[in-house]
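The values are calculated or read from the model by the stated rules, or taken from the named source; none is laboratory data. The structure presented is a predicted model; accordingly, all values stated were derived computationally and were not measured. Methodologically, a virtual Cβ is constructed for each residue, glycine included, from the backbone with ideal geometry; neighbour enumeration extends over all protein chains shown.
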Amino acid sequence: MKLSLGPLLYYWPRDTMLDFYAQAARWPVDIVYLGETVCSRRHEFRTDDWLKTAEMLADAGKEVVLSTQALIESESDLKMLRRLADNGRFLIEANDMGAVGLMAGRPFVAGPHINTYNPQTLQILAEAGAARWVMPLEMSRDMLAELLAQDTSGLETEVFAYGRMPLAFSARCFTARRHNLPKDNCQFRCIENPYGMTLKTREGQSFLALNGTQTQSASVYSLLAALESMSGLVDVLRISPQPDNTGEVVALFRAALDGASAPQQAAHELAPLLPEPPCDGYWHGRAGIEQTVAY
Amino acid sequence: MSLELVCPAGNLPALKTAIDHGADAVYMGFRDNTNARAFPGLNFDFAAAQEGVRYAHAKGKKILLALNTFPQTATWSRWQQAVDMAAEVGVDAVILADPGLMRYASRTWPQLRLHLSVQGSATNYEAINYYHEHFGIQRAVLPRVLSLAQVEQVVKHTPVEIELFGFGGLCVMVEGRCVLSSYATGESPNTAGVCSPAKAVRWEQTGNGLESRLNNVLLDRYEANEKAGYPTLCKGRFEVEDETYYAIEEPTSLNTLELLPEMIAMGIAAIKIEGRQRSPAYVEQVTRVWRTAIDAARRNAETYAVQPIWAAQLGKLSEGQQHTLGAYHRPWK
């Protein structure tokens, strides 16, 4: 199984991003997804910065994939999408059927925000040029096994295996709403929350995280303890960047994949690095918020 | 092009009421999780669907059938059979979200008209044109996230008819791209055809007030003088940085009556009324008002104005009795 570093879902200052990817070049990940998937207004990294970072990571031996926005609303969103689709150098992750259409048969990764729930749809994506697909977040191991048992596409399967889960997208910016600002004049306040803004219930339970137009789980999805149940099904495990300790998280997954430590032991070592309590319900066919494996 | 009024029906009485009071088309679902209103006691079996189609066609109106959830591998055949059943019943179109199912329908029933469901999450013309080129979809229902200016861009760049939501429950998230419900309960619109399912809801009178919970997650707490609405996950009050408020969306309804002339001018093909889970009495009221409004706007867009009586009638029916123009109006975002 390969390890990937997912696209950065948050808005971090430019220097933080440069530093993060300089470190990532040395981490034991095989694939790095780059690019802005959440909000077109974010601009600490411009397209040229992403492309330069992509070259740097490719030189470091990483497979680089350029991720594209999940919610494509405007002509300028489409313009950006076309520019990425036509970059001629790096693979693209499509997160919208508009992007799938624009690839016009050129190879791409079908991202987690394409709704791929059955082998018939997976076959359509393969015909459109997909080389790999990322399972929808809410899909369980059993649903994946059933799908792959009937799959004839032969695509690589990637699973979101670590991080706060991107659960929903809206045209509304919930961070701007929190600050009583209109989205068009958001003042880029999401840069103040490098891990999103935790939303709690009125009895203090951490429930969701507001990340601009994206709503995430407050809990951190982690399938480290479930690695054995993935064999024969999953080709790539995705780790989603977090502000601190991402390198350590990568190292623990790597050690478990290489057999250097047992998954349960690695999961035990992961516990103190988790910024919020873990969850793993989706993989086990339950509500996503639930944690089924004891640490 | 005329603007079609598309009304909801959760049962035969609602369907007939909608047809009798001015709907051009009625949309419905079969009685299982092949559609995004898979509620107990709601929807149509084969015989009721047949009767609905017969009733509508006798009056020159259309029936659209929503098959807008995503089939799983193990249950694929149920969705495939539902497409077959819809074609055999003689509906005027099926409303689909899953590409695999679109291919099946287009190959097996080439005469069957396909609409792209709002659950298909197509927010741009490239996505809509992809579905058109590959599966021949003839109409797309847009998610409730675009501004009117963005909608106009879509209309200009696609041969596909565009249908917009005009009235009723408001999804603040992009439909088909929201799994908040399965995060809390294990069931989402995509997979189970339900959002914030009733079986996971619990009401409890406590010392702190009336509390609503969804699979034990506290969604809201009401004072004695507050009106409690259905506990949809995104419409609860939550704490963010020590402030308690409707962090995602107020319990409000979409109402776009005042935008009708603009929608007609930009060539929108149809207006959809949300609410297959609502009563025949609700469907009657909403259909009546929207029929009157559409006719007035088409007669003379210049002099068209929302009549106070329409607003009053719709206001009584709305969730939380609040209205919004939603994303069509840019500042909402």
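Miscellaneous remarks
- A single member of A:GLU73, A:GLU138 is farther than 20 Å from B:GLU126 by Cβ and either modelled with pLDDT under 95 or within 14 Å of another protein chain (Cβ to nearest Cβ) (or both), and it is A:GLU138.
- Within region B:254-272, restricting attention to residues that are hydrophobic (A, V, I, L, M, F, W, C) and in a loop (DSSP other than H, G, I, E, B), the residue that is nearest to the other protein chains (Cβ to nearest Cβ) is B:MET266.
- Filter result (part of a loop (DSSP other than H, G, I, E, B) and surrounded by fewer than 23 Cβ atoms within 10 Å (Cβ to Cβ)) within region A:208-233: A:SER231, A:GLY232, A:LEU233
- Single residue of B:ARG213, B:ARG202, B:ARG144 found to be in the same structural domain as B:LEU42 (by TED's automatic domain parsing) and of a type in the set (Lys, Arg): B:ARG144
- Selection status of B:PRO251, away from chain A (no Cβ under 14 Å), touching a residue at least 24 places away in the same chain (Cβ under 8 Å), more than 27 Å from B:ILE63 (Cβ to Cβ) and part of a loop (DSSP other than H, G, I, E, B): yes
- Single residue of A:ALA176, A:ALA171 found to be of a type outside the set (Phe, Trp, Tyr) and modelled with pLDDT under 95: A:ALA171
- Hits in region A:111-126 (condition: over 17 Å from the mean Cα position of the chain (by Cα) and either within 9 Å of chain B (Cβ to nearest Cβ) or more than 25 Å from B:ALA105 (Cβ to Cβ) (or both)): A:TYR117, A:ASN118, A:PRO119, A:GLN120, A:THR121, A:LEU122, A:GLN123, A:ILE124, A:LEU125
- When B:GLY275 is tested against (1) crowded, with 18+ Cβ neighbours inside 10 Å; (2) at the interface with chain A (Cβ under 9 Å from one of its Cβ atoms); (3) at positive phi, exactly one condition is not met: (2).
- Positions within region B:278-306 being outside any loop (DSSP other than H, G, I, E, B), loosely packed, with under 15 Cβ neighbours inside 10 Å and more than 20 Å from the chain's Cα centre (by Cα), in sequence order: B:ASP295, B:ARG298, B:ARG299
- Residue in region B:200-220 that is over 14 Å from A:PHE207 (Cβ atoms), of a type in the set (Lys, Arg) and surrounded by 22 or more Cβ atoms within 10 Å (Cβ to Cβ) present: no
- Region A:1-39: number of residues that are of a type in the set (S, T, N, Q) and surrounded by fewer than 17 Cβ atoms within 10 Å (Cβ to Cβ): 2
- Restricted to strands (runs of 3 or more DSSP E) entirely inside region A:108-207, those with at least 1 residues that are among the polar types (S, T, N, Q) and surrounded by fewer than 22 Cβ atoms within 10 Å (Cβ to Cβ) are A:156-170, A:197-200.
- So A:ALA104, is it touching a residue at least 40 places away in the same chain (Cβ under 8 Å) and within 14 Å of chain B (Cβ to nearest Cβ): no
- Among residues of region B:81-106 being within 11 Å of chain A (Cβ to nearest Cβ) and either surrounded by fewer than 19 Cβ atoms within 10 Å (Cβ to Cβ) or among the charged types (D, E, K, R) (or both), the one that is nearest to B:VAL154 (Cα to Cα) is B:ASP98.
- Restricting region B:36-77 to residues that are exposed (fewer than 15 other Cβ atoms within 10 Å of the Cβ) and of a type in the set (Lys, Arg) leaves a set whose member that is nearest to the other protein chains (Cβ to nearest Cβ) is B:ARG54.
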